[in-house]
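Written out below as structure tokens is the structure these notes cover.
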Amino acid sequence: MVDRNLILLELKNINKSFGNLHVLNDVSMTVVQGKVVAIIGPSGSGKTTLLRCVNALESIDSGEIVIENKRVNPKSRNVHELREKVGFIFQAFNLFAHLTTLENIMLAQRIVKKRSVKEARERAFSLLRKVGLEDKANYYPSQLSGGQQQRVAIARALAMDPKLLLMDEITSALDPELVSEVLDVVIQLAKDGMTMIIVTHEMGFARNVASRIIFMDNGRIIEQGEPNKIFNNPEQERTRDFLNKVLNHK
Amino acid sequence: MKLDTSIYLLDWLFILKGAGITLFLCLNAMVFGSILGLIIGTMRTSKLSILKYISGAYIYIIRGTPLLMQLFLVYYGLPVFFRIIVSAYTTALVGLTVYAAAYLAEIVKAGLQSVDKGQKDAAKALGMTSWQEFRSIVLPQALKVIVPPAFGFFIALIKDSSLVAIIGFIELTRSSRMVISRTYQPFTIYLGVAVIYFVICYGLSIISQKYFKANRQDIPKASQPWKTVAIKVS
Ligand SMILES: Nc1ncnc2c1ncn2[C@@H]1O[C@H](COP(=O)(O)OP(=O)(O)OP(=O)(O)O)[C@@H](O)[C@H]1O
Ligand SMILES: [Mg+2]
């Protein structure tokens with residue numbers, strides 16, 4: 001087992017239902033500092049819900065979320081603390097439609113982190129440089145391509161100096177030719193040592209970037225392990241079925 | 001003694017002054033009505049059911065009764081229930097504000113609900129408080145949806161406000177009736193008054209169109225819902 005101090009996030013027996021639908025069933029996992037975890041699984045298996053629970057965008061029915069050895073109490077004020085530590089990149093980008101790229105990246109820095117205009121601006125520009133969009137600072141989201149919007153969304157999340165980034169199928173709303181420009185940014189982040197949980201349907205990408213793969217089905221974690229093991233030698237029948245389906249269709 | 005029934009310039013000036021008062025009254029009713037409407041409309045989208053029901057009841061009661069009845073109730077009710085004698089202007093203002101708030105609340109509610117849930121998720125995910133999310137993300141986007149129909153309501157309110165003449169407040173309609181009672185030339189005067197109402201309302205609708213044009217460029221196509229939202233007022 002890994003050193004406990006290196007564990008950034010720990011989920012213990014998370015359960016979540018929407019009405020009668022048991023979407024997360026006793027889900028437990030740990031995320032180690034500086035590592036990338038990829039979650040794969042069929043549609044409706046609860047991947048998005050799991051990420052949303054980690055960030056308290058969705059409440060959990062039972063279980064525990066521990067981040068940096070601190071238990072998150074979803075009812076209390078520390079959800080804001082949690083969300084400052086955990087960034088979320090959405091499938092639909094969700095850039096603020098009424099704000100420019102620069103304003104999108106500056107807003108939360110200003111009002112949540114209370115940074116000065118100058119500081120927030122400098123940080124925004126350095127991040128825009130990092131994602132290769134410095135020249136788009138004054139564009140509105142509607143004037144950007146999907147790939148550009150998603151890179152801005154990544155910059156916006158990074159501006160909050162998160163300890164952990166959650167990415168929910170961040171390329172699945174993109175035209176195929178725009179996918180790689182976004183994935184390249186993620187790969188760079190992984191190299192820089194950013195801790196991430198990535199939900200993805202891009203198996204090749206998951207394999208390359210993640211140090212751990214989690215396969216979910218029907219609200220349960222069916223199997224998890226190193227990419228080589230999961231992709232070459234899955235233990236579970238269901239994992240094999242799923243991988244056969246997705247890999248053969250590519 | 002021979003009656004002088006000709007219409008003098010002074011009569012028209014008197015009527016124009018009434019038009020100014022009508023505008024002033026409606027502008028004030030709009031300001032107070034917007035503040036109240038924003039609060040009630042926000043309550044309407046609240047998760048707390050008590051706030052939802054109170055605001056809902058307000059909206060349905062006001063929208064379900066004639067403005068004239070509301071004006072009478074304010075006119076006769078204020079002195080009885082609050083033991084205050086108020087001027088005709090205050091009565092008219094309170095009446096129109098109460099009326100406007102209910103309609104504007106519905107417009108506000110629709111505007112708030114038009115904001116994509118993803119925008120709120122993104123605000124939360126960045127650590128914003130509910131108030132910051134409302135103030136910096138939801139409201140600015142909702143306003144773009146709210147302002148056009150609210151402006152349309154304002155135009156309708158100017159026409160509806162002619163009813164306050166009945167409780168004795170001297171605005172455009174009332175002042176024209178006073179001129180008529182001396183000159184006995186209702187057709188000419190009412191025609192003139194109709195033209196004045198038209199010029200005001202048409203002028204305002206031109207302003208509102210200009211406003212949307214000026215605002216349109218920087219707004220993404222996907223979030224221009226007013227193009228599809230039916231502008232329904234009164
Ligand atoms: N807000 C909600 N209310 C009710 N049911 C929901 C809600 N959100 C998700 N669900 C249901 O929960 C289940 C899991 O959904 P979730 O979005 O987590 O799956 P997913 O693994 O992310 O799927 P996909 O690969 O299609 O994105 C689905 O059956 C979905 O219909
Ligand atoms: Mg999903």
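Points to keep in mind about this one:
- Overall Cα dimensions of the range B:1-126, principal axis frame, Å, largest first: 81, 35, 23
- Residues whose amide H falls under 5 Å from that of A:Arg115, counting only those 5 or more places apart or on a different chain, are A:Arg110, with hydrogens built in the peptide plane.
- Among the residues of A:103-111, the average count of other protein chain beta-carbon atoms within 10 Å of the residue beta-carbon is 3.
- Cβ crowding within 10 Å averaged over residues, with A:180-186, B:200-206 ranked highest first: A:180-186, B:200-206
- For A:Met216, net neighbour charge (Lys/Arg +1, Asp/Glu -1) across residues whose Cβ lies under 11 Å away: +1
- Rounded to the nearest 20 debye, dipole of the range A:7-249 from Cβ charges on Lys, Arg, Asp, Glu: 840
- A crude spin-label estimate for the pair B:Leu23 and A:Arg238, with each label 7 Å from Cα along the Cβ direction, gives 7.1 nm.
- Computing FRET efficiency as 1/(1 + (r/R0)^6) for B:Leu51 and A:Asn138, where r is the C-beta to C-beta distance and R0 is 35 Å, gives about 0.35.
- Residue by residue along A:158-164, Cβ atoms of other protein chains within 10 Å of the local Cβ number 1 on average.
- At R0 = 45 Å, FRET efficiency that the Cβ-Cβ distance of A:Lys114 and A:Asn20 yields, to 0.05: 0.55
- DSSP-defined beta bridges in the protein assembly as shown - what % are antiparallel, rounded to 5: 55
- Shielding by partners for peptide B:135-143, expressed as the average number of C-beta atoms from other protein chains within 10 Å of each residue's C-beta, is 3.
- Interface area, chains A and B: about 1900 Å² of buried accessible surface, summed, with a 1.4 Å probe and ligands, DNA and RNA left out.
- Quarter of the Cα convex hull surface for chain A, i.e. its orientation-mean projected area (nm²): 13.9
- For A:Val23, residues with placed amide H under 5 Å, excluding near neighbours: A:Lys16, A:Ser17, A:Phe18
- Pair B:Tyr184, A:Lys191: separation of 7 Å Cα→Cβ label points (nm): 9.7
- Note, ³J(HN,Hα) from phi for the range A:48-62, Karplus 6.51, -1.76, 1.60, rounded to Hz, x at Gly and Pro: 4, 4, 4, 4, 5, 5, 4, 8, 6, 6, 10, 7, 9, 7, 7
- In the range B:24-171, lysine pairs with alpha-carbon atoms under 25 angstrom apart (chain gap of 8 or more, or interchain): 19
- Translational diffusion coefficient (Stokes-Einstein; Kirkwood radius from C-alpha pairs) of chain B at 37 °C, 0.692 mPa s, in µm²/s: 166
- Rounded to the nearest whole Hz, the Karplus-based 3J(HN,Hα) values (6.51 cos²θ - 1.76 cosθ + 1.60, θ = phi - 60°) of the range A:137-153 follow the sequence 4, 9, 8, 8, x, 5, 8, 10, 6, x, x, 5, 4, 5, 5, 5, 4, with x at glycine and proline.
- Counting only Cβ charges, +1 for Lys and Arg and -1 for Asp and Glu, the dipole size of the protein assembly as shown around its Cα centre is about 1060 debye.
- Bridge type composition, chain A - antiparallel percent by DSSP, nearest 5: 55
- Under 5 Å from the amide H of A:Met196 lie the amide H atoms of A:Lys35, A:Val36, A:Val37, A:Leu165, each residue being 5 or more positions distant or on a separate chain, with H modelled from the backbone and absent for Pro and chain starts.
- For the protein assembly as shown, pairs of C-alpha atoms spaced more than 41 angstrom apart make up 38 percent of the total.
- Rel. contact order, % - alpha carbon contacts under 8 angstrom, at least six apart, the range A:7-249: 27
- B:Ile166 paired with B:Lys117, simple spin-label distance in nm, labels 7 Å along Cα-to-beta-carbon: 4.5
- Value of [θ]222 nm, deg cm²/dmol, for the protein assembly as shown, DSSP H segments ≥ 4, -39500 (n - 2.57) each, nearest 500: -18000 deg cm²/dmol
- From the C-alpha gyration tensor of the range A:1-108, square roots of 5λ in Å: 24, 19, 15
The values are calculated or read from the model by the stated rules, or taken from the named source; none is laboratory data. Just so you know, these numbers come straight off a predicted model, no measurement behind them. Reconstructed Cβ throughout: ideal geometry from the backbone, glycine too, with neighbour counts over all protein chains shown. Surface accessibility is based on the protein's heavy atoms, side chains included, excluding ligands, DNA and RNA. Shrake-Rupley method; radii C 1.70, N 1.55, O 1.52, S 1.80 Å.
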